[in-house]
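> Sending over a structure as structure tokens; questions will come in a sec.
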Amino acid sequence: MNTMNDVEVIINNKRYTLSGYESGDYLQKIASYINTKHTEFKLMENFNKLDVDMRNILMQINIADDYFKAVNQVNEMDQEADMRGNELFDLKHEVIAAQTKLEALQKEYGKLQNEYNEAQKIIIKLQTELEDSKMK
């Protein structure tokens with residue numbers, strides 16, 4: 001069973017204790033992400049003129065937007081991976097079919113090679129018999 005981790009972080013210049021089953025590094029990463037968002041918004045010209053509630057709502061909307069974009073990106077990547085998996089499956093079947101055809105052609109070639117060799121032996125035998133009959 002996982003243990004609960006308590007990690008002190010600083011978010012927007014205030015100290016907080018985050019608790020969770022995730023690692024302390026992960027919780028610090030979350031705090032860092034939120035601090036980055038605060039920094040981005042503070043650099044916007046009119047952000048500091050807004051009241052605290054509006055700033056918090058804008059921050060929440062922006063984080064939710066990042067979340068949904070990431071979810072969409074993951075879904076698109078999953079779909080692409082599925083599509084590539086299907087393509088790979090089809091290609092493997094094409095390779096197997098080509099290998100099967102190659103093996104059949106190699107067997108046919110072997111049979112034809114044997115027939116050719118037998119025909120060559122017959123030709124040599126007939127040529128020898130012809131030359132022997134001419135000498136008589």
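The values are calculated or read from the model by the stated rules, or taken from the named source; none is laboratory data. Computed from a prediction, not measured in an experiment: that's the story for all the values here. Cβ placement follows ideal geometry from the backbone for every residue including glycine, while neighbour counts extend to all protein chains displayed.
> Scan (1) on the phi > 0 side of the Ramachandran plot; (2) surrounded by 10 or more Cβ atoms within 10 Å (Cβ to Cβ); (3) of a type outside the set (Ser, Thr, Tyr) for the single condition ASN13 breaks and write down its number.
Answer for ASN13: the failing condition is (2).
> Of all residues in the stretch 34-56, which are in a helix (DSSP H, G or I) and of a type in the set (Asp, Glu)?
First, the residues of the stretch 34-56 that are in a helix (DSSP H, G or I): 34-42, 47-49, 52-56.
Answer for the stretch 34-56, where residues must be in a helix (DSSP H, G or I) and of a type in the set (Asp, Glu): GLU40, ASP53.
> Let me ask you something else. Select from the stretch 30-51 the residues that are exposed (fewer than 13 other Cβ atoms within 10 Å of the Cβ) and among the basic types (Lys, Arg) and write down the one among them that is farthest from THR3 (Cα to Cα).
Filtering first and then ranking leaves LYS49.
> Please tell me if PHE89 is aromatic (Phe, Trp, Tyr), farther than 20 Å from TYR16 by Cβ and modelled with pLDDT under 95. Talk me through it step by step, then tell me what you get.
Numbers: aromatic (Phe, Trp, Tyr): yes; farther than 20 Å from TYR16 by Cβ: yes; modelled with pLDDT under 95: no.
For PHE89, the condition - aromatic (Phe, Trp, Tyr), farther than 20 Å from TYR16 by Cβ and modelled with pLDDT under 95 - is not met.
> Okay, moving on. Just one of (1) of a type in the set (D, E, K, R); (2) surrounded by 10 or more Cβ atoms within 10 Å (Cβ to Cβ); (3) over 17 Å from TYR67 (Cβ atoms) trips up GLU22, so point out which.
GLU22 satisfies all of (1) of a type in the set (D, E, K, R); (2) surrounded by 10 or more Cβ atoms within 10 Å (Cβ to Cβ); (3) over 17 Å from TYR67 (Cβ atoms) except (3).
> Restricting the first residue to the stretch 36-61 and requiring it to be over 11 Å from ASN12 (Cβ atoms), which pairs with a second residue that is in a loop (DSSP other than H, G, I, E, B) and not basic (Lys, Arg) meet a Cβ separation below 8 Å and a spacing of at least six or different chains?
Every condition considered, the pairs that remain are LEU58/LEU50.
> So in the stretch 1-15, with the set limited to residues that are polar (S, T, N, Q) and in a loop (DSSP other than H, G, I, E, B), which one is farthest from the chain's Cα centre (by Cα)?
By that ranking, first place goes to ASN13.
> Going through the stretch 22-33 one residue at a time, which ones are of a type in the set (D, E, K, R) and assigned to a helix (DSSP H, G or I)? Walk me through it before giving the result.
Quick first cut of the stretch 22-33, residues of a type in the set (D, E, K, R) only: 22, 25, 29.
If the condition is that a residue be of a type in the set (D, E, K, R) and assigned to a helix (DSSP H, G or I), then ASP25, LYS29 are the ones that fit.
> Here's something else I'd like to know. Determine whether ASP90 is farther than 28 Å from ASP6 by Cα and either exposed (fewer than 10 other Cβ atoms within 10 Å of the Cβ) or small (Gly, Ala, Ser) (or both). Spell out the reasoning first.
Working: farther than 28 Å from ASP6 by Cα: yes; either exposed (fewer than 10 other Cβ atoms within 10 Å of the Cβ) or small (Gly, Ala, Ser) (or both): no.
Judged against the criteria, ASP90 is not a match.
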